[in-house]
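The values are calculated or read from the model by the stated rules, or taken from the named source; none is laboratory data. Because the structure is predicted, anything quoted here is derived from the model rather than measured. Reconstructed Cβ throughout: ideal geometry from the backbone, glycine too, with neighbour counts over all protein chains shown.
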Amino acid sequence: MVTHPFHPLCGRELVVLFERRTRRGLWFVCEVDGRSRVTLRQEWTDRGVPAGDQRLAAEGLTALREVADAVLGRRSGTTQVGE
């Protein structure tokens, strides 16, 4: 079953034709309606690790902001005009 919430086939049960393992993980080649094929990452299916309840943690957002500020040349704790 496709479980990725943003995949157009989310909630559909598909027939797995074969598996393919790459450096980036396990992929499933599945049949859609007996007419076409789709390749899905294991994480996008019910055979993958379930997604967490929270998409972003506060610590991750804080770290991301620090990186963005560093890239933009801003110093921590200061406010730029237009912010």
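Before moving on, here are some points about what is shown:
- Filtered residue count, the stretch 34-64, keeping only those that are modelled with pLDDT of 75 or more and either closer than 16 Å to Phe6 by Cα or touching a Pro at 6+ places or on another chain (Cβ under 7 Å) (or both): 10
- Top-ranked residue in the stretch 33-48 [being in a strand (DSSP E or B) and surrounded by 13 or more Cβ atoms within 10 Å (Cβ to Cβ); ranked as nearest to the chain's Cα centre (by Cα)]: Arg41
- Test for Phe28: is it surrounded by fewer than 10 Cβ atoms within 10 Å (Cβ to Cβ), modelled with pLDDT of 95 or more and out of contact with any Lys or Arg (no Cβ under 7 Å at 6 or more places or on another chain): no
- Scanning the stretch 1-21 for residues that are surrounded by fewer than 15 Cβ atoms within 10 Å (Cβ to Cβ) and under 17 Å from the mean Cα position of the chain (by Cα) yields a count of 6.
- Count of the stretch 14-25 residues which are modelled with pLDDT under 95 and either of a type in the set (S, T, N, Q) or part of a loop (DSSP other than H, G, I, E, B) (or both): 3
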